[in-house]
1. What are the pairs with Cβ atoms under 7 angstrom where one residue, in region 27-53, is in contact (Cβ under 8 Å) with a residue 60 or more places away in the chain and closer than 21 Å to Asp97 by Cβ and the other, located anywhere, is in a loop (DSSP other than H, G, I, E, B) and β-branched (Val, Ile, Thr)? Sequence gap at least six, or different chains.
2. Could you run through region 152-209 and say how many residues are outside the structural domain of Ser109 (by TED's automatic domain parsing), modelled with pLDDT of 55 or more and in contact with a Lys or Arg (Cβ under 8 Å, 6 or more places away or on another chain)?
3. So is Ser107 surrounded by fewer than 17 Cβ atoms within 10 Å (Cβ to Cβ) and either in contact with a Pro (Cβ under 7 Å, 6 or more places away or on another chain) or modelled with pLDDT of 95 or more (or both) or not?
4. Of Ser137, Ser147, which residue is over 22 Å from Leu43 (Cβ atoms), modelled with pLDDT of 80 or more and within 21 Å of the chain's Cα centre (by Cα)?
5. Take Ala113 and tell me if it is modelled with pLDDT of 95 or more, small (Gly, Ala, Ser) and under 21 Å from Asp38 (Cα atoms).
6. Counting only residues that are surrounded by fewer than 21 Cβ atoms within 10 Å (Cβ to Cβ) and touching a Gly at 6+ places or on another chain (Cβ under 9 Å), which one in region 73-93 is farthest from Gly132 (Cα to Cα)?
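The values are calculated or read from the model by the stated rules, or taken from the named source; none is laboratory data. Treat the numbers as computed from the prediction; the structure is a model and nothing was measured. Cβ: placed from backbone, ideal geometry, glycine included. Neighbour counts: every protein chain shown.
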Amino acid sequence: MKKFAIAAVLAASAFVSAHAASITGLVNTGTFASGSQDTNYSLNGTGFGYVTKDNVWPIGPWIANTTTSKWITPTKNQGDSFDATSNGTYSWKLSFDLTGFNASTASFSGKFAADNSALVKLNGVQLGASTGFNSFSAFSASNGFNSGANTLEFVVTNLAQRSGNPTGLRVEFTASNVTAVPEPETYAMLLAGLGLMGAISRRRAKRNAA
C-alpha cells in the first residue's frame, strides 16, 4: 500500500509541474503611477503613452479609472486635442512571450474601450472591436498564438474634430491560461510513477489469482 501511494505521488507531481498558469505579460493599461509613462504598451512603434489621472477630463465622459486599470493617452496632458482635420490612427502594442509553454493551450479574455473606437488583433488577426469610450467591449482568443513572441495590437481611430478631441485606450484582462511544456525530468518522473503503479497492480493481480 505504501509503495502504491509513493507511485501515485510521483505521477501526481509530474502532472502538477505542467499545470496551467496565467500568461505573463498580459497586463492592464495604467498599472504605473498616474502621469507616468506606461512602458507596457508601445505607441506607434516609437514611444509610449501616459497613465491618466482620476477625475480629470476626459475621465467622465470616459469610463472612470479604477485600481484595476486606467486609461492611457498619447501625451502627458490627457486633455490634449488631436486630429483637427482628419481621422487619427494610434497603434498600441503589447508584447508577451510563450517560450517554454504549449502555445496550443493558451487562451485569454478581456475588455477594452477607446476614444473613439478600436480594433484588437492577436499577431495580426482581428479578435474584436471597441464601440466607444463610455462602455467596455469584450475580446478573447483561444488560438492563433505563437510558441515564442506574440503581439496584441489595439488600433485606435480618433475621429476628426477641430477642438476638444482627446484620444485614449483602456484595456483590462479578465482571465488567461497556458500550460507549461514539461521538462525532460518531468516525463521521467511521470513514467517512473506510472511504471511503479503498473508493477504494483500486476503483483496484486497475481496474488489475487493465487
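1. Qualifying pairs under 7 Å: Asn28/Thr68; Tyr41/Thr29.
2. Here the count works out to 0.
3. yes
4. The conditions single out Ser147.
5. Yes; evaluated as a whole, the condition is true for this residue.
6. Result: Lys76.
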